[in-house]
Structures are given as structure tokens and as C-alpha cells.
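S.K.: Starting off with a structure, shown below.
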Amino acid sequence: MEKVNLQFLDLLKSSLNNDIYEGGDIDSQDLKQIYNLAQMHHVVPMIYGVLHNEEFFKNADENFKMMFKQVAFKLVVSQIQRSNRFLELYKILKEKNIEAIVFKGIIFRNMYNNPDDRMSSDEDILVKKEDYEKLKDILCGEGLEFIEKEGNECAYLCRNTGLCIEVSTSLFSHESKAYGHLNRLFDDIFEKSITINIDGVDIKTLSHEQHLIYIVFHNMKHFLHGGFGIRQVADFSKYIETYGQFIDWEKFWSDLKILNYDTFALNLIDISLKYLGFDYTKAIYPKGVRDFNIIINSKDYYINSDDLISDILSAGVFGGSTKERKHTALMTLNAVEDQKNGNRFKAIFPSVDYLKGNYTYLQKHPILLPIAWTQRIFSYIKRNKNNTTSYINTMELGKQRIELLKEYKIIK
């Protein structure tokens, strides 16, 4: 692994564990690369919080230091505003007897030493189908802007604070052939829900066991759509450290194994242990094992996270670091749906379900799919007319990422 990546991970580890950075001096060129990585992974305030007292950082270029500080400060202030607005709105929903389950976002931030340093681009809530329209009336009445989406999702935007609330009636799209089946593990989500108090507000959320399973599934969903970043791994490890004592570990591993996600989860733990200072004693592993070193040395499990951490660092927080990476989604999704190698034909000519979000006429007239294919191809050619290697790079990266799915036994 490149030196600058290790330095970035060491800084993140120091933030997660509220420790002093002990990785040695970082030169000005590497500091700029670390800032770029922090931007990609949405952890600028966390990295700045560790760096700002370091002597080598104090000696860095004044303009760079000021820029880093201003960006971090602005992100924290905007996060505080969004969090406060969300808590206000959640209290109103409770007063109106709307049962809303909050997941990710503010729940995860609450696990961190400085919660507002951990960014959230939006807040996610799950509601029952009978409350879907009621919630719309309430949030629009509070001045939020309704944003229509397809399937079981919609969103509401608060222009004043930048808060975006994403609302759904299931954790995963039932229409997805790649991960729609994962919803069956959450059929009793409302019955098993628990309450967490954040800043004086009681918030209903997933049970700890279901939330941890969801993190694993959600990371893989993002992997299929281009990738996920190191912050999502940090959420996973922090959740175990914070709530591991409340989890039925035997059921957790059993549920993952049935769906072929256990190897992936074990390698997330391996990354957390190697690079994020994870306390492995907070978890119980398959077959009741309490020492992760036994898992590493066992022939029963495949532990080799080098390829995965490389993909994670390249991906950025939502896998959007490059357009080629985004375009690999067709190949990885197809590979999981068909449980075999993704092929170029489907990458170029995707299904109605994949395209109907961008080509809305397909929702009512799926027979027009060939027209959508033609539009998509011409649009791609227009965007990449000066970059003849883009298609080749996409296909090569797609094949590499399909090999990762095989390596971690998501597909055979």
C-alpha cells in the first residue's frame, strides 16, 4: 500500500480512537493528497481534528492550512444545522403519531467521539405504507420540498439547512434482483425496533442485530453500484464496539452465512483490525470464537482483505471517484443477479428496471427500451468522444471488481 494511504488511515484511526497521531511527520505534498482522500471519503473534519495540533501541520503552507480549516469548520457547522433540524422534525412526526424508524445517519454519528465531525449527506427513515402519504403532508407543511423517486422511496429537502430526508417503506428495493431478497431478514423490523436518546430526543431505530446486518448489506449494495468508502467500514467497526454486547452473534453469523455474506463481513473486520484500531474483543465470531486470530489462522475462513481495502480507498464514500467506476455497476449488478460473469452485452444494453429512473418514459412504455438504449449509447459517446480509453478502462475495472465478488464468495 502507498505511504500516503497508510498515513491517511493512521490519521483516521487516531480520530476514531481519540488518540494522538503517532505515524511520523507528513510532508506538504502528502498532506495535499491526504486532504483529497479526506474529501473523497467525507472525513475532512475528522482528519483535520487530528492534524491541526501536529507540529508538521503547523509548519505547512498557510493558505493550505487555512483552506483545510475553513472546509472542516463549514462542514461541521452545516452538519449541526442539519442534525438540529432533523431532530425538530422527528419530534413533530412523533407528535403526529407517525412511527418512523431512523437508520444510519444520526444514529451512526452518535457513536463517534465528536458526532458532528462524522458527516451525513442525508437522514434515512423507514415508515409503514399507511403513513407514507401522511408523512408527506406533515413535512411539506413544515416547508420541506418533496422530491419524487421511483419505487418505494422519496425524499424531502429543507432549503434553509440543506437537510435531506430520504423516506422508504423497505430497506432495499424489492425490484432489485441483486439485493431485493435481503428484505426478508427485516420483515419484523418494527416489532424489533428499539429507542435511542440523542440530544434529549427519543429516536426509534433498528434493533442492534438488524442494524449491524444492514450495515454489511448496505456496504455490499454500494459495492455493486461502484464501491464504498472507508467511512462505511468505520461505521461497521464503531457499531460493534458500541453495541456488540447486545447482538445475538450466533444468529448474526448464521443469517450472513445463508446469504453468502459472512466472508465479506469477516474481511471488513480484518480491515478494521489492521487499519482502524478496532477492538476485536467486542465481537464474537463464527462458532463462538472470541479471538479473531483464530479465525485468521483457520482453514475454514478466507481472510485476505488486501484487495478489498485497495478497492475501498479508490472508491470514495459512495463509489463515485471516477466515471469508469460508476459505469462498472452494470457489470457487478449483472454478475450477482445471474450468479455468473457479468457480460459486455448487458453492460451496454441494460434492463428496463435499471434505466427507467433516467428514462422515465420506460415506466409507462417499457416497449421503448431499444430507444433508451440508443439514447444512452449516443450520450455516452458524446461525453467520451475525446477519451477513447474510457470504455476499455470501465470493462477492465468491472472485471476486476467481479473477481472481488468471487474472492469474497458473494458469487461463485
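S.K.: Can you find even one residue in the range 150-166 that is at pLDDT below 95, out of contact with any helix residue (DSSP H, G or I) (no Cβ under 8 Å at 6 or more places or on another chain) and at positive phi?
M.R.: yes
S.K.: Return the total of residues in the range 184-229 being within 30 Å of THR328 (Cα to Cα) and of a type in the set (A, V, I, L, M, F, W, C).
M.R.: Residues flagged as within 30 Å of THR328 (Cα to Cα) and of a type in the set (A, V, I, L, M, F, W, C) within the range 184-229 amount to 11.
S.K.: Same structure again: Which helices (runs of 4 or more DSSP H) does the range 196-294 wholly contain that include 2 or more residues that are open to solvent by 40 Å² or more (accessible area, probe 1.4 Å) and more than 23 Å from MET1 (Cα to Cα)? Spell out the reasoning first.
M.R.: Values: elements: 208-224, 230-243, 249-258, 262-275.
In the range 196-294, the matching helices (runs of 4 or more DSSP H) lie at 230-243, 249-258.
S.K.: May I pose another question? Cβ-Cβ below 7 Å, separation at least six or inter-chain, first residue in the range 133-156 and without any contact (Cβ under 8 Å) to a residue 24 or more places away in the chain, second among the hydrophobic types (A, V, I, L, M, F, W, C) and in a helix (DSSP H, G or I): which pairs?
M.R.: As it stands, the answer is PHE146/CYS140; TYR156/LEU139, since those pairs meet every condition given.
S.K.: A further question on this structure: With respect to ILE80, determine if the residue is in contact (Cβ under 8 Å) with a residue 12 or more places away in the chain, open to solvent by less than 40 Å² (accessible area, probe 1.4 Å) and within 23 Å of the chain's Cα centre (by Cα).
M.R.: Here the answer is no, as ILE80 does not meet what is asked.
S.K.: Does the range 17-30 include one or more residues that are within 22 Å of the chain's Cα centre (by Cα) and in contact (Cβ under 8 Å) with a residue 12 or more places away in the chain?
M.R.: For the range 17-30, residues within 22 Å of the chain's Cα centre (by Cα) and in contact (Cβ under 8 Å) with a residue 12 or more places away in the chain: present.
S.K.: If you go through the range 17-52, how many residues are assigned to a helix (DSSP H, G or I), open to solvent by less than 50 Å² (accessible area, probe 1.4 Å) and among the hydroxyl-bearing types (Ser, Thr, Tyr)?
M.R.: So the answer is 2.
S.K.: Which residue out of LEU397, LEU369, LEU333, LEU362 is under 21 Å from HIS218 (Cβ atoms), among the aliphatic types (A, V, I, L, M), assigned to a helix (DSSP H, G or I) and at pLDDT 65 or above?
M.R.: Of LEU397, LEU369, LEU333, LEU362, the one residue that is under 21 Å from HIS218 (Cβ atoms), among the aliphatic types (A, V, I, L, M), assigned to a helix (DSSP H, G or I) and at pLDDT 65 or above is LEU333.
S.K.: Moving on to the next point. Check LYS299 against each of (1) over 23 Å from the mean Cα position of the chain (by Cα); (2) open to solvent by less than 10 Å² (accessible area, probe 1.4 Å); (3) of a type in the set (D, E, K, R) and name the one condition it does not meet.
M.R.: With respect to (1) over 23 Å from the mean Cα position of the chain (by Cα); (2) open to solvent by less than 10 Å² (accessible area, probe 1.4 Å); (3) of a type in the set (D, E, K, R), LYS299 is out only on (2).
S.K.: Hey, can you tell me all the residues within the range 50-91 that are over 23 Å from ALA155 (Cβ atoms) and among the acidic types (Asp, Glu)?
M.R.: GLU54, GLU55, ASP61, GLU62
The values are calculated or read from the model by the stated rules, or taken from the named source; none is laboratory data. What you are looking at is a predicted structure, and each value in this text was computed from that prediction instead of being measured. In this analysis, Cβ positions are derived from the backbone assuming ideal geometry, glycine residues included, and neighbour counts consider all displayed protein chains. Surface areas here come from the heavy atoms of the whole protein model, side chains and all, with no ligands, DNA or RNA. Shrake-Rupley method; radii C 1.70, N 1.55, O 1.52, S 1.80 Å.
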